[in-house]
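Some notes on the structure that comes next.
The values are calculated or read from the model by the stated rules, or taken from the named source; none is laboratory data. Treat the numbers as computed from the prediction; the structure is a model and nothing was measured. Neighbour counts are summed over all protein chains in view; Cβ atoms, including those assigned to glycine, are modelled from backbone coordinates with ideal geometry.
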Amino acid sequence: MVDSASLQFVIPYAFEAMQKVDVARLAALSDPELRLLLPCLVRMALCAPADQSNAWAQDKKLILRLLSGVEAVNSIVALLSVDFHALEQDARKEQHLRHKAGGSNSESILVSQLQHGLTLEFEHSDPLRRLRLALSELLAIMNKVADSNGEFFLKSSELFESPVYLEEVADVLCILQAELPSLLPIIEMAEALLHVRNGEWFLCLLVANVPDSFSEVCRELIKNGERQDEESVGGRRRTEALRQLCQMNPSQALNIRAMVVEECHLPGLGVALTLDYKPDMADEAVSPLVSYVSGLLLGTNGKVRTWFSMFIRNGQQVRRNNKSSSVLWQMRRQLLLELVAILPRSRSTHVPNDTDMDSESSSGYSGLREEHVVKASALLRLYCALMGIAGLRPTDEEAEQLLQLMTSRPPATPAGVRFVSLSFCKLLAFPTLVSTPEQEQLMVMWLSWMIKEEEYFESAAGVSASFGEMLLLVAMYFHSNQLSAIIELVCSTLGMKIAIKPSSLSKMKTIFTQEIFTEQVVTAHAVRVAVTNNLSANITGFLPIHCIYQLLRSRAFTKHKVSIKDWIFRQLCETTTPLHTQLLPLIDVYINSILTPASKTNPEATNQPITEQEILNVFQGLAGVGVRSQHTITTQLLILYYILSYEEALLANTKTLALMQKKPKSYSPALMDQIPIKHLIRQAQGLQQELGGLHSALLRLLATNYPHLCMVEDWISEEEVTGTLPLLRKMLLTSSSCKYSQTQLREAFQNVLSGGPRLLRILEHLTLLSAGDLIPYAEALTASMGLLLEDGVSRRILQTVNKLWMVLNTVMPRKLWVMTVNAQQPLVKLLRQQRYTQNDLMVDPLIVLRCDSRVFRCPPLMDITLHMLNGYLLASKAYLNAHLKETAEFERQAQTVSNLGLSGQPDTPEVTREELKNALLAAQDSAAVQILLEVCLPPPQEELSVQSGGLLSDLREVQCLICCLLHQMFIADPNIAKLVHFQGYPQALLPLTVAGIPSMHICLDFIPELLAQPQLEKQIFAIQLLSHLCTQYALPKSLSVARLAISVMGTILTVLTRAKRFAFFMPTLPCLVSFCKAFPPLFDDVMSLLVQVGQVSAADVTTKARDIDPLIARLQYMRQKPQEIPLSESKYSLRKRSAEELGRADPDVQLCYQIEATFMDIISSSTQAL
């Protein structure tokens, strides 16, 4: 027997020469090196080549010359002279026999009975018998491998173990595989050779003589290998064989390692190949071993991570006397050597005193060299992964050296900042590394150095996120006992998920909270930290904003009476896009700290809000004139978010604040009027990707607090302003276009009647400007609106002004509305110079309708007026809701205090205040609707012109605009429609409202209730309204309500007095015609009602008018035979009689004639329908 380590393996130089068939290189080999390659070279020289070129002929001569001096060539030539065809047939017969006998070795066709041992037989045999002996032995091993079901065995074979005949046996194996490839596939031979001693040596020689099979052999060996090779003998032998193969062909080592990772087999082989790998150009930063193991444990493939972690855990269970032979032990030793190599030379466990701190060169705290920082960081992350993911238990030596590395001091570079952060997080993740008092003192001194040098590192390294913020953040988490947040912070910094027990942080918590960072120190230090310049989401890491956020959450600033308002305002002013994710939570928690005290015992312990002057400075220059704002759009949007959130939180916390007798100051309406909210929201809409969730948060706040800025029609009009067509029109605005000033616009308005074309030219030019560029012209445009009410103003000018107003409404609606309302006042108010404010219009939205009456007949300006009215009605609702919330709790609290000791004086119930508010809003809305309905009625002098002009009139257009607004109001709140119709309005408007307001069908829901009212006028109005609704909406619901109305009319007939009967039925009888026209099934009910009314009326007038006596008979006849009545004659005679006699007739007589006329109309309409 012989150890394979003492055998001569094929060197890489020789294998490369064989791969490339480089004869010159082969000639340079020594005799022992050349001896291993003889089987392939002899076959190469003797067999007929496929290459017939002169170059190969010359190379073949060199090979023959090379082989001529080698004695072993003769025996190989003799082996090649055998009849391999007959040998293969015998071998297959033996395979069949073995298979038939179930693997028994009792008989052999290849080898007859052996007289001596296998080795002696091999020595004394001729070439053919040698081939038969080796083939028989090899087939037996291969059969046993096939039947082993993956269980490893080591076959003791005298032939493969004798050191004297190893080379001859190797020659025989190589010749057999080359001549009998179908019988002996090289993959199966490779697998079989692993089960004999010296198998890796035979395998290397076999592959070296067939160099093209290298990758194929390696892949199959890996695929058939164990998942954990260190646990079994077979795994270790397979790993060693593949390792020898890769040493023979080092250029393929990394490819073989990739196969190992791909198959998740033989993890020890991957580590061994990395240990053996010697790159041509060494990377000074990170070693191949660190890169490889880090990639496995920190990569994205969870299967690979689990597989390699199991290798680490299992490898630690190897017995102590075998540790040095394991691949894991070799890997750990190499990593430790690399770690020690980069440690500062003078590092030791010596803890310096205070004098040592000043002279770093003389202390044990020498700095880490700059070229070693990146490598040190990589090593730290790797050890974190090994310990946290793979479960590596460090030895005392490893723990000591790791602590020395973590507490070393890197140079002030970005890589140095990263190294300190990693070291700090590793201390938190694995506090067991600090086990002795000396090590604990070393760690405390290093943390103190971190605090001292943090500012220098940040300035010298040129990074915004330094380790100082992380120290502060961890200290704050420790103070607030947020251990889970510390664990999350550590995992995020290290870039890996590590299972850290909160109980393991108790020692670190004590050190931080009692020795290094007391809460007062943390708070005082945080305020002095400089804000992050140009803060955005592109700046990663832990920043001052994270620290301030945590301190605000824990109420540390208010507890220690430290003002943080200025720091927050400066940071908000130093922001840009893309928005940092911590800004919105910071503002929210800051607002909470302003309104809610840290404790009930000290209600004054709150932060100060941002002042109004500071807010105004941020928005300076946004009015469209003057200087440009020096703050970014991000800052302005954040301040807007702060104001809106502050006001919302103030209302939400009213009860809590009232109980504490604390009323924080709200921002004044004057301040809100100066902030261009809609302009900012429009800009934010185009930056949604960069602003994250800020845009949606602002929209939510607007919808709650400023609903008049979120009207649907405004969003639709904005789409028109920013669509494709306006873009094409703006392309026409070239640089050579004429520019007009506000003064020129005012002068053109003054001469609107005589200089209309010039005004129109200026207005058309303004339509090409963007909404922001149009802001300076807003005042001139609105102030001159009164001039447009004169007769003779071009309709195109009015429409262009309307279009410009709508564009301005997208950027400055509130200011624009106030200017427009003041400009449209009647002449009397203009002479008094009475000016309304935004607050006036929110308190009383009906001021909008107290404008010049000529506006009501100017459709383009009426459109503007209706838009403002709708907006101010919504604004008034929000204003009253906010006012109610703001004052309710404080008034209730004051009343409770004033009533102390008094009995029998209950507080005013809150429901009363809510009801009063709702009643006020309902009265406000209904008044607006009633005024608009009155506007739709033409005065007598206008009615004649309307009839002559047809439907194409200003009145008709105004009516359409008003109906559109009423439709929106009714849909938004159906109670308004109910209230308005219970109040009633002129019957002449019913055809207009029913036909022009699509939502009027909702009146069908409450008409039964309206019919049940005791007032006769409301019942009449309900029946008249129902008649128009039935004509417009012939629905089943309308039919049922109409049938109810007929029944109600029949009931009322029995209870009305004579005078009231005339007042009720004269206006309602024509409605029956509409009922029958819409619903013919009601004909019988209507006829019965008419006969009843006729009978009652005729009975009252029998003594006064004899010609009424036949009325009942005529009605009965018409009811029974309506088709026999000459309609034209009857109606003519009825009209004639009505004209001549009804005017001076008795009321009951008039009612009788009206009944007969109604009969005739119903019959006429039904006949026409047929």
Checklist entry - In this structure, does Phe153 turn out to be aromatic (Phe, Trp, Tyr), in the same structural domain as Phe9 (by TED's automatic domain parsing) and either closer than 23 Å to Phe214 by Cα or part of a helix (DSSP H, G or I) (or both)? => result no
Here the residues within region 17-55 that are outside any loop (DSSP other than H, G, I, E, B), free of Cβ contacts under 8 Å to residues at least 60 places away in the same chain and either surrounded by 14 or more Cβ atoms within 10 Å (Cβ to Cβ) or not assigned by TED's automatic domain parsing to the domain that holds Ile76 (or both) are Ala17, Val23, Arg25, Leu26, Glu33, Leu34, Leu41, Val42, Met44, Ala45, Leu46
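Per-residue answers, yes or no, for (1) surrounded by fewer than 19 Cβ atoms within 10 Å (Cβ to Cβ); (2) at pLDDT below 80:
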site	(1), (2)
Ala461	yes, yes
Glu469	no, yes
Glu488	yes, no
Gln514	yes, yes
Phe517	no, yes
Ala524	yes, yes
Val529	no, yes
Gly541	yes, yes
Cys547	no, yes
Selection from region 641-676 of residues at pLDDT 85 or above, out of contact with any Asp or Glu (no Cβ under 8 Å at 6 or more places or on another chain) and hydroxyl-bearing (Ser, Thr, Tyr) yields Tyr641, Tyr642, Tyr646
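Within region 1001-1040, which residues are farther than 17 Å from Phe982 by Cα and aliphatic (A, V, I, L, M)? Talk me through it step by step, then tell me what you get.
Here is the first cut: in region 1001-1040, the ones farther than 17 Å from Phe982 by Cα are 1030-1040.
Selection gives Ala1034, Leu1035, Leu1039.
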With criteria (1) in contact with a helix residue (DSSP H, G or I) (Cβ under 7 Å, 6 or more places away or on another chain); (2) among the acidic types (Asp, Glu); (3) more than 16 Å from Val10 (Cα to Cα); (4) at pLDDT below 90, Glu161 comes up short on (1)
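Give the number of residues within region 402-452 that are among the polar types (S, T, N, Q) and surrounded by 20 or more Cβ atoms within 10 Å (Cβ to Cβ).
At the first step, the residues of region 402-452 found to be among the polar types (S, T, N, Q) are 404, 407-408, 413, 421, 423, 432, 435-436, 439, 441, 448.
Okay, now just the ones that are also surrounded by 20 or more Cβ atoms within 10 Å (Cβ to Cβ), so 407-408, 421, 423.
Residues in region 402-452 being among the polar types (S, T, N, Q) and surrounded by 20 or more Cβ atoms within 10 Å (Cβ to Cβ): 4 in total.
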Of Val271, Val286, Val318, Val351, the only residue that is at pLDDT 90 or above and either part of a loop (DSSP other than H, G, I, E, B) or not charged (D, E, K, R) (or both) is Val271
Picking from Leu62, Leu41, Leu29, the residue that is over 27 Å from Pro250 (Cα atoms) and not basic (Lys, Arg) would be Leu62
Checked Ser423, Ser435 against criteria (more than 24 Å from Leu328 (Cβ to Cβ) and not aliphatic (A, V, I, L, M)); the one match is Ser423
Filtering region 737-775 down to residues that are assigned to a loop (DSSP other than H, G, I, E, B) and either more than 18 Å from Asn809 (Cβ to Cβ) or modelled with pLDDT of 85 or more (or both) yields Ser737, Cys738, Lys739, Tyr740, Ser741, Asn751, Val752, Leu753, Ser754, Gly755
All conditions in (1) part of a loop (DSSP other than H, G, I, E, B); (2) under 27 Å from Lys223 (Cβ atoms); (3) modelled with pLDDT under 85 are true of Val145 except (1)
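Only one residue in Ser853, Ser876 is within 30 Å of Leu952 (Cβ to Cβ), among the small types (Gly, Ala, Ser) and out of contact with any Lys or Arg (no Cβ under 9 Å at 6 or more places or on another chain), so which one is that?
Exactly one of Ser853, Ser876 is within 30 Å of Leu952 (Cβ to Cβ), among the small types (Gly, Ala, Ser) and out of contact with any Lys or Arg (no Cβ under 9 Å at 6 or more places or on another chain), namely Ser853.
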Among (1) at pLDDT below 90; (2) out of contact with any helix residue (DSSP H, G or I) (no Cβ under 7 Å at 6 or more places or on another chain), Phe1065 falls short only on (2)
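Tell me the helices (runs of 4 or more DSSP H) entirely within region 834-943 that contain at least 2 residues that are at pLDDT below 85, under 23 Å from Met672 (Cβ atoms) and not charged (D, E, K, R).
Working: elements: 838-843, 859-898, 910-936.
Ranges flagged: 859-898.
Could you tell me whether Val1055 is assigned to a helix (DSSP H, G or I), assigned by TED's automatic domain parsing to the domain that holds Gln1150 and either surrounded by fewer than 20 Cβ atoms within 10 Å (Cβ to Cβ) or among the aliphatic types (A, V, I, L, M) (or both)? Steps first, please.
Details: assigned to a helix (DSSP H, G or I): no; assigned by TED's automatic domain parsing to the domain that holds Gln1150: yes; either surrounded by fewer than 20 Cβ atoms within 10 Å (Cβ to Cβ) or among the aliphatic types (A, V, I, L, M) (or both): yes.
Here the answer is no, as Val1055 does not meet what is asked.
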Among the residues of region 684-696, the number that are part of a helix (DSSP H, G or I) and crowded, with 17+ Cβ neighbours inside 10 Å is 5
Only one of (1) more than 26 Å from Ala878 (Cα to Cα); (2) within 49 Å of the chain's Cα centre (by Cα) does not apply to Asn839, and that is (1)
Pairing a residue in region 203-228 that is under 17 Å from Phe152 (Cα atoms) with any residue that is acidic (Asp, Glu), where Cβ atoms lie under 8 Å and the two sit 6 or more apart in sequence or on different chains, gives Glu220/Glu191; Leu221/Glu191; Ile222/Glu263; Lys223/Glu263; Asn224/Glu191; Gly225/Glu263
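The rows are residues; the columns are (1) out of contact with any Pro (no Cβ under 8 Å at 6 or more places or on another chain); (2) in a loop (DSSP other than H, G, I, E, B).
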{"residue": "Met508", "(1), (2)": "no, no"}
{"residue": "Glu515", "(1), (2)": "yes, no"}
{"residue": "Val527", "(1), (2)": "yes, no"}
{"residue": "Ala530", "(1), (2)": "no, yes"}
{"residue": "Lys561", "(1), (2)": "yes, yes"}
{"residue": "Pro585", "(1), (2)": "yes, no"}
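Restricting the search to region 64-92, which residues are free of Cβ contacts under 8 Å to residues at least 60 places away in the same chain, under 25 Å from Glu123 (Cβ atoms) and among the hydrophobic types (A, V, I, L, M, F, W, C)?
Just the residues of region 64-92 that are free of Cβ contacts under 8 Å to residues at least 60 places away in the same chain, to begin with: 64-71, 73-74, 77-78, 81-83, 85-86, 89-90.
When the remaining residues are screened for being under 25 Å from Glu123 (Cβ atoms), the result is 67, 69-71, 73-74, 77-78, 81-83, 86, 90.
Leu67, Val70, Val73, Val77, Ala78, Val82, Ala86 - these are the residues of region 64-92 that are free of Cβ contacts under 8 Å to residues at least 60 places away in the same chain, under 25 Å from Glu123 (Cβ atoms) and among the hydrophobic types (A, V, I, L, M, F, W, C).
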Determine whether region 178-197 contains at least one residue that is in contact with a Gly (Cβ under 7 Å, 6 or more places away or on another chain) and either modelled with pLDDT of 90 or more or in a helix (DSSP H, G or I) (or both).
yes
